[in-house]
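A.B. asks: This is the structure I want to talk about, given as structure tokens.
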Amino acid sequence: MASDTIAGDMLAPILEVDTPGFDTRALQELDSAHYLHPFTDHGALRERGARVMVRGDGIYLWDSEGHKVIDGMSGLWCVNVGYGRASMTAAVARQMDLLPFYNSFFNTTNVPAVMLAAQLVELAPPGFKHVFFTGSGSEANDTIIRMVWRYWQIMGQPQRQAIISRRNAYHGSTVAGASLGGMAGMHAQGALPIPGIHHIDQPSFAEHGRGMSEAEFGLRAAGWLEEKILELGPEKVAAFIGEPVQGAGGVIIPPPTYWPEIQRICDKYGVLLVSDEVICGFGRLGTWFGCQLMGARPDLIAFAKGVTSGYVPLGGVLVGARVAHALVEKGGDFNHGFTYSGHPVACAAALENLRIMIDEGLVERVVLETGPHLKAAFGTLAAHPLVGHAESMGMTAGLNLVRRKGASMHDCEAFPSGLGVGMVCRAHMFDNGVIMRAVGDRMIVAPPLVMTTGQIDEMVERIRYCLDLTLKDVQQRGWMG
Ligand code: PXG
């Protein structure tokens, strides 16, 4: 049912406009003249002008014109503790006063990096006793490729170089990250993936599961890994990498049978298992790391984003016993590292962020309160005439915009590709006080973990209202067929 019962005045408060005193036009002109944005068509951006974000508090953001919006995407899957945390500011300022920077090369270390490494090991699954710090998730995955290759070299099997990933995975934007990722649009822009990276299809039940139960499909999709290992020759395969739930690919939640079967296959062929937890780590799914929920025991874990709630850039790799033993006990020098590995200010921010998460029980709240509430509330959107199916896990959720609903998710009629219904929907969302991310015609959220159940309801009602606007809009455009 379309929700034409929603009263306009119920939505009014969020569109409050104050006068923060920014010259939006001037900022947009400077932006368009000088600032190259990530993943952006700059011609199109120049036409519209960028939205200038100026302030955040809790789950809300304000732009330079005073519009207040619910940040349904936690910045970019990272602001888990919400905006405006004074204790984060204090922790960072304290560390800046004391020691803003020192490197960790040449037999030196610093206090926040040591303390954070110890804290992360405590939160990590059993068997993880070591951490390597980077500045981002992409650098974490670059580091993982180098560690995996070095591991097999130390183990006397240097021919094990193939790394298997998945179509529609996102592992970053550096040459290695984009190669590991399975984004066709990234590969198409030049000489990617680099040699040695191979892709199997994603475990999307909606895309591939017709005629199967979810459980059967999970086993089938994991079987693609075994087929690829056998095709390449098991003695040449170094590692498999996957996100527990694919984030940027559109919140693709694999069936429960998938990850345990992936684990079995990796064990069978001695292949290292890598869990990219840049999005799923730090409570997003209701566990400190997503692999703990999925029933996988990875050898390496990539993290970033939620480790500092995005307040300061930081990423890293948790190194499990198998690889750590080779690197630490046998490997000698590992010729790899960044100026900002173990940056004291970033590590101080992470320590405070983790303190907040622990003290406020944010991960437990996802399991007991916010995750179930989001599932129930977001699930009601499946009844909307424009929504084919909607699913969620922990504090992330996605829905598919479809032209015609069907008896099951496999019987829905999608919009013709290229119409850009998702982008139309995203614009209505932003203009009406909620940020959702469009991945093609799939709309996704990953709100701050501090979002209350009342705020979840507020977000979902706003989404429903914007789905109504989108429906009217696509009808007027004649896109409903
Ligand atoms: N791995 C995963 C699983 C990610 O989601 C990265 C690695 C790379 O992290 P850095 O810090 O290098 O960006 C990511 C990043 C989107 C979007 O549109 C998602 C990410 C980045 C940019 C956009 O959903 N995830």
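A.B. asks: Being part of a helix (DSSP H, G or I) and in contact with a Phe, Trp or Tyr (Cβ under 9 Å, 6 or more places away or on another chain) is the filter here, so list the residues in the stretch 330-349 that pass it.
C.D. replies: Scanning the stretch 330-349 gives 344, 345, 346, 347, 349.
A.B. asks: Hey, among the residues in the stretch 361-398 that are part of a strand (DSSP E or B) and out of contact with any Asp or Glu (no Cβ under 8 Å at 6 or more places or on another chain), which one's nearest to residue 74 (Cα to Cα)?
C.D. replies: My answer is 396.
Here's the yes/no breakdown for (1) surrounded by 24 or more Cβ atoms within 10 Å (Cβ to Cβ); (2) at pLDDT 95 or above; (3) within 21 Å of residue 375 (Cβ to Cβ); (4) more than 20 Å from the chain's Cα centre (by Cα):
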position: 243; (1), (2), (3), (4): yes, yes, yes, no
position: 263; (1), (2), (3), (4): no, yes, no, yes
position: 287; (1), (2), (3), (4): no, yes, yes, no
position: 298; (1), (2), (3), (4): yes, yes, no, no
position: 342; (1), (2), (3), (4): yes, yes, no, yes
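A.B. asks: Let me ask something additional. Could you look through the stretch 246-277, keep only residues that are within 12 Å of the ligand (Cβ to nearest atom) and either out of contact with any Cys (no Cβ under 9 Å at 6 or more places or on another chain) or aromatic (Phe, Trp, Tyr) (or both), and pick out the one that is nearest to residue 215 (Cα to Cα)?
C.D. replies: Filtering the stretch 246-277 for residues that are within 12 Å of the ligand (Cβ to nearest atom) and either out of contact with any Cys (no Cβ under 9 Å at 6 or more places or on another chain) or aromatic (Phe, Trp, Tyr) (or both), the one nearest to residue 215 (Cα to Cα) comes out as 252.
A.B. asks: I'd like the full set of residues that are touching a Lys or Arg at 6+ places or on another chain (Cβ under 7 Å) and either in a loop (DSSP other than H, G, I, E, B) or within 16 Å of the ligand (Cβ to nearest atom) (or both), limited to the stretch 224-245.
C.D. replies: Passing the criteria: only 242.
A.B. asks: Do you know which of the residues in the stretch 88-111 that are under 25 Å from residue 450 (Cα atoms) and open to solvent by less than 40 Å² (accessible area, probe 1.4 Å) is farthest from the ligand (Cβ to nearest atom)?
C.D. replies: 91
A.B. asks: Could you please tell me which pairs satisfy a Cβ distance under 6 Å, a separation of 6+ or placement on different chains, a first residue in the stretch 267-278 that is in contact (Cβ under 8 Å) with a residue 40 or more places away in the chain and assigned by TED's automatic domain parsing to the domain that holds residue 249, and a second residue that is open to solvent by 20 Å² or more (accessible area, probe 1.4 Å) and within 15 Å of the ligand (Cβ to nearest atom)?
C.D. replies: 278/305
A.B. asks: Mind telling me which of the residues 320, 281 ends up being over 30 Å from residue 373 (Cα atoms) and open to solvent by less than 10 Å² (accessible area, probe 1.4 Å)?
C.D. replies: Answer to the check: 320.
A.B. asks: Turning to a different aspect of this structure: Mind checking which residues of the stretch 350-360 are out of contact with any Leu (no Cβ under 6 Å at 6 or more places or on another chain) and either open to solvent by less than 60 Å² (accessible area, probe 1.4 Å) or assigned to a loop (DSSP other than H, G, I, E, B) (or both)?
C.D. replies: 352, 353, 354, 356, 357, 360
A.B. asks: Which numbered condition in (1) within 23 Å of the chain's Cα centre (by Cα); (2) closer than 26 Å to residue 293 by Cβ; (3) away from the ligand (no atom under 16 Å from the Cβ) is the only one that residue 421 fails?
C.D. replies: (2)
The values are calculated or read from the model by the stated rules, or taken from the named source; none is laboratory data. In this text the structure is predicted, and so the values were computed from the model without any measurement. For neighbour counting, all protein chains shown are included, and Cβ atoms are generated from backbone atoms with ideal geometry for every residue, glycine included. The area values use the complete protein model at the heavy-atom level, side chains included, leaving out ligands, DNA and RNA. Shrake-Rupley method; radii C 1.70, N 1.55, O 1.52, S 1.80 Å.
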